[in-house]
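First the structure, in the form of structure tokens, and then the observations on it.
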Amino acid sequence: MPDCLITNVDYDEKLTLTSGLDCLSHDDALIIVLKVIVGLSHLEISKLLKIPYRTVRYRYQKAISRLKVFLSEPHKRQFERSVNNENDEKSKTL
């Protein structure tokens, strides 16, 4: 994901967002980014990607459901925190 799209997010939130998008298919992640971050409507995304409007809506709803499951899994968030702590410790030693 281009950093310029998520510059106002702290590192932990950025890592969680990136990890969440990684659990989606490329097409579903693209629809989420275009809808939520860029702010396009379903119709605009449909025209941009040249796919049916209903397909965009279905993929968006499916992707949101998957992201909710991903974000509700505490073990994944705990893993992310441990990775962040390791990265912080490594950066301090450099």
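Quick notes on this one:
- In region 41-63, the condition of being buried (at least 18 other Cβ atoms within 10 Å of the Cβ), modelled with pLDDT under 95, within 10 Å of the chain's Cα centre (by Cα) and assigned to a helix (DSSP H, G or I) is met by at least one residue.
- A Cβ distance below 6 Å, combined with a sequence gap of six or more or placement on separate chains, defines the contacts here; from region 14-28, residues that are closer than 12 Å to residue 66 by Cα and modelled with pLDDT of 90 or more reach residues that are of a type outside the set (A, V, I, L, M) and part of a helix (DSSP H, G or I) in the pairs 28/59.
- Residue selection: residue 72 satisfies the criterion of being modelled with pLDDT under 90, within 17 Å of the chain's Cα centre (by Cα) and either more than 21 Å from residue 18 (Cα to Cα) or exposed (fewer than 10 other Cβ atoms within 10 Å of the Cβ) (or both).
The values are calculated or read from the model by the stated rules, or taken from the named source; none is laboratory data. Small disclaimer: the values here were computed from a predicted structure and weren't measured. Note: ideal-geometry Cβ built from the backbone for every residue, glycine included; neighbour counts use all protein chains shown.
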